[in-house]
Amino acid sequence: MKNQCFLHKTKPEIIYSENLDLFNFGNLKLSYGLCKDCGHIFQTESANKSQMKNHYKKLLMYLDNLSKPSNDKIKNVSRHISMIKQEFKNFPEKVLEVSSMNSYTLKQYKNNGSKIIFALEPNSRVSKLLRKDKIKVFNMEIEKFKSNKKFDLIILTHVLEHLFDPLSALKKCNNVQKEGQKILVEVPLFEKVENYTIGSMHLEHLHYFSENNLIQLITLAGYEIDNISKIFKSTEFPFITIVATKRKGLKCSNTNNYNQNLVSLKRYIKNSKLNWKKIKNKINKIPSNKNIYLYGAGSFTSQLIFHTGLNQKRISGILDGSKIKQNKYIGNYKILSPDIKNIKKNSVIVISSATCQESIYNDIKYYKNFGHQIIMLFQTKSIIYKI
């Protein structure tokens, strides 16, 4: 599916493309570029809307973290609540969270004084789990959202980058708020791109916001900026968080960050190519007579195969703990259960994850007792593995 900037319908400038074999999609071309009128970076060619809807539906079927928040989530929710306390005279009574992956966020708001908490969650399975936790749920997509209720605060953390039209989503929020009520928006920030891990531009993130592009988006939706917070190092990649208030009669200038964003995008691509080359050099040191298994069937594995020529080596299979993925394929490679019985003798296991490799390593390090070699592609604080 070819995309235009959701703000300007002009033809974008395409900078970079990948042809990937992806789980649940098959062969798919992803392209990245930017709008010539505002400089916004986005997927200029992507999966279509029905494919993405089906992807998220299946994705949520094997997430086992729906009721247990990660340490990062706990830390980030605490940070958000501190911002809200700073911007609200009285803590918001009616709160809506868009796309709630678990009940933790809303429960923390209730613990801090919110009286009525709602979730807007399109996935029926997640909605059912939220209701068990006594969360009131709108089981629908943000694009279809209507309500007579007016919310003091609407929370959209790591939502807008996944939507084809973020402006339409924010206008839906505006429609269920009175003047003076607020939103909290958080998205990945495409600045200081050296802090991005390799493979961070991927299937699910349709947009890569700069500060000015995000401010323009929020203002066009009818909100005045109250508070901006940027984090560059203590999170998985840079984040920007904005608290804004619904106001009438706002004027929004047409900001164009084309030159600045083009430099950031090209720098990210250059860094990625260098990092893929380093990984390829590690891969090339694996003896040609060894059977290779990739552990992880996510989009990073598809990128790894594409950028390193791994498909030219002897890949015996892909390992993944998700039952819904097992016995399916990425390209020509079957996804297997990580049961040790499924692995040929004296094989090499390459952990195919940029963000979870340490936890995966801890889960499978016992493989070494069976004569297998485990390769981690990235250095970590607690484990440094060199080929």
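A short reminder: the numbers here are calculations on the coordinates, not readings from a lab. Bear in mind the structure is a predicted one, so any value in this text is a computation, not a measurement. Cβ sites come from the backbone with ideal geometry, for glycine too, and all protein chains shown count toward neighbours.
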Excluding residue 37 itself, calculate the net charge of residues whose Cβ lies under 13 Å from the Cβ of residue 37, where each Lys or Arg counts +1 and each Asp or Glu counts -1.
-> +2
Based on the mean of other Cβ atoms within 10 Å per residue, sort peptides 214-221, 347-354 so the most packed one is first.
-> 347-354, 214-221
What does the helix-only formula give at 222 nm for the chain: each DSSP H stretch with n ≥ 4 adding -39500 (n - 2.57), the total divided by the residues, and the result rounded to the nearest 500 deg cm²/dmol?
-> -9000 deg cm²/dmol
Calculate the length of the line joining the C-alpha centroid of segment 194-216 to that of segment 107-127, in whole Å.
-> 27 Å
What is the Cα centroid distance between segment 342-382 and segment 69-94, reported in whole angstrom?
-> 37 Å
Spin-label zone in segment 135-166 - amide nitrogen under 20 Å from a point set 7 Å from the Cα of residue 88 along the C-beta vector = 135-138, 147-159
Run down the lysines and flag those whose C-alpha is under 19 Å from the C-alpha of residue 290, throwing out any fewer than 8 positions away in its chain.
-> 280, 282, 313, 334, 341, 344, 345, 365, 368, 386
One-quarter of the Cα convex hull surface for segment 178-262, in nm²?
-> 6.3 nm²
Charge sum, other residues only, whose C-beta stays under 15 Å from residue 345's C-beta, Lys/Arg counted +1 and Asp/Glu -1 | +4
Amide H within-cut-off set for residue 120, under 5 Å, with H built and near neighbours excluded | 97, 98, 99, 100, 138
Name the residue, out of 176, 263, 126, whose mean-square fluctuation peaks in a Gaussian network model built on the chain with Cα pairs under 10 Å.
-> 263
In degrees between 0 and 90, to the nearest 10, how far off the longest principal axis of the chain does helix 166-175 point, with axes built from Cα atoms?
-> 30 degrees
Between residue 159 and residues 5 or more places away or on another chain, which pairs have amide H atoms under 5 Å apart, with H built 1.01 Å from N, and which residues are they?
-> 186
Scaled radius of gyration (Cα, divided by 2.2 N^0.38 Å) that the chain gives = 1.04
Report the net charge of residues surrounding residue 73, where surrounding means a beta-carbon distance below 14 angstrom and charges are Lys +1, Arg +1, Asp -1, Glu -1.
-> 0
Find the centroid of the Cα atoms in segment 1-50 and in segment 263-328, then give the distance between the two in whole Å.
-> 22 Å
